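Peer 1: Here it is, the structure in full.
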Amino acid sequence: MAADLLPSRGGLMWRRLAWLALLAPLFFISYNFANGYTAQRDDVGSLVFAWETLIPLWPWTIVPYWSIDLLYGLSFLLPTSRRELDRHALRLVSAQLVCVAGFLLWPLQFTFERPELGGVFGAMFDVLMGFDKPYNQAPSLHITLLIVLWACFAAHLRGRWRWLLHGWFTLIGLSVLTTWQHHFIDLPTGVLAGWLCVWLWPSNAPAPWRHWRLHGDAKRLRLALRYAAGSAATLAVAIVFSGGWLWLWWPSLSLALVALNYAVLGPQGFQKQANGRLSTAATWLYAPYLALAWLNSRAWTRRHPQADEVCEGVFLGRLPSRREQAGFEAIVDLSAELPVHVRTPGYRALPVLDLTAPSAETCLAAAQAIDALRVSSPGPLLVCCALGYSRSATAVAAWLLYTGRCASAAQAFAQIRSARPQVVLHEAQKQALDAMPQRPPSCDTQGHADARQRRS
């Protein structure tokens with residue numbers, strides 16, 4: 001067994017060296033090109049807030065600032081598989097390309113004059129200034145790489161080492177200000193660029209762009225255009241008013257990604273995981289949209305927050321809080337955009353975009369998931385989405401048809417509406433249910449009866 005592992009380990013080491021041999025020249029060539037090119041331009045501006053003059057110069061923070069170079073190299077020793085190594089390297093490549101594009105499209109210059117420094121720290125500054133001109137600013141490549149490296153190291157460290165990692169990486173992040181290398185605007189833009197690179201190359205899921213397909217559904221395209229318009233309007237306000245309004249870059253990016261999800265990426269763009277949570281990268285990138293979506297879901301359901309029983313312990317309702325999960329043994333979740341902190345024994349996520357109808361395949365998968373969880377986690381089961389009015393209602397209708405409890409979509413809709421009158425089910429949902437493969441109801445009914453009898 002050990003002998004079988006040696007070739008793969010040796011091959012992985014050569015792959016690590018190959019990636020380093022590629023990335024090192026890419027870093028220096030592209031970074032120096034952007035610096036040199038911008039130094040010759042006459043359209044270079046600066047973006048500095050008045051309060052930034054209060055930021056102190058701490059020469060000793062050049063040590064954590066420089067340490068990212070060592071951590072960059074060490075990060076290639078952490079991945080334990082070819083896939084993980086390649087994803088990490090591709091994140092670093094993406095970081096380089098995204099930041100250099102930012103430097104060229106939005107040239108900025110650092111404006112503070114750093115005094116002469118002596119000693120060891122002064123020598124470290126002199127080496128840095130030997131190749132780093134004050135032009136490569138936003139998004140900060142230092143911060144972008146920091147986020148990518150943070151994600152890599154955090155996946156492999158536990159306990160006190162993980163806390164040490166967080167502390168040191170936070171210090172590196174602050175050092176870009178206290179060494180007077182960057183203005184503040186470079187930090188949040190660097191953070192977003194870093195998480196964008198992590199989102200583009202997720203660790204345990206296909207890359208979102210692999211799902212790229214222009215969807216033919218007119219409703220989805222209309223929703224994509226609305227979110228794109230919202231993104232453009234938000235960005236315009238940020239650019240026109242500047243100052244504190246620049247924070248609107250974040251919701252603008254968030255809405256642009258939502259528009260992409262509706263247009264071409266699908267629900268996978270939200271990167272909802274099997275545990276009900278979104279990936280860390282998606283949580284950061286979509287945070288403004290997620291906050292508004294959660295508030296919207298609570299506003300629409302404030303007068304009727306409770307779930308309603310449709311049939312035999314199967315409840316229909318909104319995405320539950322931790323407290324609202326009490327009493328349920330299982331959850332089938334149709335929401336793509338909102339996370340849930342699961343506390344029930346059974347959980348299954350089948351993400352569907354908001355305001356869209358599940359596909360026939362998703363309807364079948366939802367029906368089978370409800371069926372399976374009623375056996376594996378006997379007790380009340382909640383089928384939910386953001387409001388509990390459409391996506392989850394379609395899933396319950398699929399289960400009613402799949403198990404033979406209802407003979408038609410119209411009958412299933414009527415039964416659901418009698419239990420939860422607020423549901424919104426239209427022709428698109430009916431078409432998906434009509435296209436769903438079904439099986440003889442006797443198989444399900446008898447199977448559950450036998451399972452309950454064995455458990456009792």
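Peer 1: Going by the conditions given, is LEU145 closer than 24 Å to PRO25 by Cβ, part of a helix (DSSP H, G or I), at pLDDT 95 or above and open to solvent by less than 20 Å² (accessible area, probe 1.4 Å)?
Peer 2: When the stated conditions are applied, LEU145 passes them.
Here is a yes/no grid of residues against (1) modelled with pLDDT under 95; (2) part of a loop (DSSP other than H, G, I, E, B); (3) in contact with a Phe, Trp or Tyr (Cβ under 7 Å, 6 or more places away or on another chain); (4) open to solvent by 70 Å² or more (accessible area, probe 1.4 Å):
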{"position": "PRO288", "(1), (2), (3), (4)": "no, no, yes, no"}
{"position": "ASN296", "(1), (2), (3), (4)": "no, no, no, yes"}
{"position": "VAL310", "(1), (2), (3), (4)": "no, no, no, no"}
{"position": "GLY317", "(1), (2), (3), (4)": "no, no, no, no"}
{"position": "PRO320", "(1), (2), (3), (4)": "no, yes, no, no"}
{"position": "ILE331", "(1), (2), (3), (4)": "no, no, yes, no"}
{"position": "GLU337", "(1), (2), (3), (4)": "no, yes, yes, no"}
{"position": "VAL340", "(1), (2), (3), (4)": "no, yes, no, no"}
{"position": "ARG343", "(1), (2), (3), (4)": "yes, yes, no, yes"}
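Peer 1: May I pose another question? Please state which of the following conditions LEU248 fails to meet, knowing it meets all the rest: (1) surrounded by 21 or more Cβ atoms within 10 Å (Cβ to Cβ); (2) over 30 Å from ASN204 (Cα atoms); (3) touching a helix residue (DSSP H, G or I) at 6+ places or on another chain (Cβ under 7 Å); (4) hydrophobic (A, V, I, L, M, F, W, C).
Peer 2: All conditions pass for LEU248, except number (1).
Peer 1: Ok, one more. May I ask you to list pairs of residues, at least six apart or on different chains, whose Cβ atoms are under 7 Å apart, with the first in the range 402-420 being on the phi > 0 side of the Ramachandran plot and the second being exposed (fewer than 15 other Cβ atoms within 10 Å of the Cβ) and modelled with pLDDT under 95?
Peer 2: So the pair list comes out as GLY404/THR445.
Peer 1: Could you tell me how many of the residues in the range 430-452 are out of contact with any Phe, Trp or Tyr (no Cβ under 8 Å at 6 or more places or on another chain), assigned to a helix (DSSP H, G or I) and at pLDDT 90 or above?
Peer 2: Going through the range 430-452 one residue at a time, the tally reaches 4.
Matching residues to (1) within 30 Å of SER46 (Cβ to Cβ); (2) free of Cβ contacts under 8 Å to residues at least 40 places away in the same chain:
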site	(1), (2)
PRO188	yes, no
GLY194	yes, no
PRO206	no, no
ARG222	no, yes
ILE239	yes, yes
LYS272	no, no
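Conditions (1) loosely packed, with under 13 Cβ neighbours inside 10 Å; (2) not in a helix (DSSP H, G or I), marked per residue:
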| residue | (1), (2) |
| --- | --- |
| SER203 | no, yes |
| ARG210 | yes, no |
| ARG213 | yes, yes |
| ALA224 | no, no |
| ALA228 | no, no |
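Peer 1: Another question, if that's okay. State the number of residues belonging to the range 91-127 that are surrounded by fewer than 16 Cβ atoms within 10 Å (Cβ to Cβ), under 34 Å from the mean Cα position of the chain (by Cα) and more than 15 Å from HIS182 (Cα to Cα).
Peer 2: Looking only at that region, the number is 4.
Peer 1: A further question on this structure: State which residue is nearest to the chain's Cα centre (by Cα) when the search covers only the range 128-153 and only residues that are small (Gly, Ala, Ser) and under 26 Å from LEU78 (Cα atoms). Break it down into steps so the answer makes sense when it comes.
Peer 2: First, the residues of the range 128-153 that are small (Gly, Ala, Ser): 130, 138, 140, 151.
Retained after the next criterion (residues that are under 26 Å from LEU78 (Cα atoms)): 140, 151.
Details: SER140: 21, ALA151: 13 Å.
Of everything passing the filter in the range 128-153, ALA151 is nearest to the chain's Cα centre (by Cα).
Peer 1: Could you grab the pairs with beta carbons closer than 6 Å, sequence gap of 6+ or different chains, first residue in the range 154-166 and closer than 17 Å to PRO79 by Cβ, second one part of a helix (DSSP H, G or I)?
Peer 2: LEU157/LEU165; LEU165/PHE153
Peer 1: Name, by its number, the condition in (1) more than 21 Å from the chain's Cα centre (by Cα); (2) closer than 22 Å to PHE27 by Cα that does not hold for LEU192.
Peer 2: (1)
Peer 1: Return only the number of the condition from (1) on the phi > 0 side of the Ramachandran plot; (2) among the hydrophobic types (A, V, I, L, M, F, W, C); (3) without any contact (Cβ under 8 Å) to a residue 24 or more places away in the chain that ALA232 does not satisfy.
Peer 2: The number of the failed condition is (1).
The values are calculated or read from the model by the stated rules, or taken from the named source; none is laboratory data. Source: prediction; values computed, not measured. All Cβ positions, even for glycine, are placed from backbone atoms using ideal geometry, and neighbour counts span all protein chains on display. Keep in mind that these areas ignore ligands, DNA and RNA; they rest on the heavy atoms of the full protein, side chains included. Shrake-Rupley method; radii C 1.70, N 1.55, O 1.52, S 1.80 Å.
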